[in-house]
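Here the structure comes first, spelled out in structure tokens, and everything after it is commentary.
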Amino acid sequence: MSSNIKAYYVSASTTLTDAGGRLRGVNVVGNGTAALGKVVLREGGQTDGNIVLEAPTMTNGSNDIFIPEMGIRFNDGLYITVPTSVHATVLVS
């Protein structure tokens, strides 16, 4: 099954979308020692939603996560928490 993919580039915690969809992939890039931690994607478009995915961050590197098949389903929006000195590109459909 094919569908359109939308890419969201973020460097701070924010709501990516208020609609449901499927998480298809994430690219996380850390710059410096302040980047240690994790990127957390939550369902519902809020800071207290169910965790859809957690991805570790690196001090000076990147982490690519590709989700096969139909991706991870989320309802009612998607919120991302991003540590200091990290940016991410999130792919959703």
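The values are calculated or read from the model by the stated rules, or taken from the named source; none is laboratory data. Only a predicted model underlies this, so the values are computations on that prediction, with no experimental measurement involved. Positions of Cβ are generated from backbone atoms using ideal geometry, with glycine treated the same way; all protein chains shown enter the neighbour counts. Keep in mind that these areas ignore ligands, DNA and RNA; they rest on the heavy atoms of the full protein, side chains included. Shrake-Rupley method; radii C 1.70, N 1.55, O 1.52, S 1.80 Å.
Summary table below
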item: Val90 being aliphatic (A, V, I, L, M), modelled with pLDDT under 95, part of a strand (DSSP E or B) and buried (at least 18 other Cβ atoms within 10 Å of the Cβ); result: no
item: Residues of region 47-63 satisfying the condition of being among the hydrophobic types (A, V, I, L, M, F, W, C) and either open to solvent by less than 20 Å² (accessible area, probe 1.4 Å) or assigned to a loop (DSSP other than H, G, I, E, B) (or both); result: Ala55, Met58
item: Selected residue [farther than 13 Å from Leu91 by Cα and either open to solvent by less than 40 Å² (accessible area, probe 1.4 Å) or among the polar types (S, T, N, Q) (or both)] from Gly30, Gly25, Gly21; result: Gly30
item: Index of the failed condition, Val29 passing every other in (1) assigned to a strand (DSSP E or B); (2) out of contact with any His (no Cβ under 6 Å at 6 or more places or on another chain); result: (2)
item: Lone qualifier among Phe74, Phe66 - being at pLDDT 90 or above and buried (at least 18 other Cβ atoms within 10 Å of the Cβ); result: Phe74
item: Filter result for Ser11 (touching a strand residue (DSSP E or B) at 6+ places or on another chain (Cβ under 6 Å), at pLDDT 90 or above, under 20 Å from Pro83 (Cβ atoms) and exposed (fewer than 15 other Cβ atoms within 10 Å of the Cβ)); result: yes
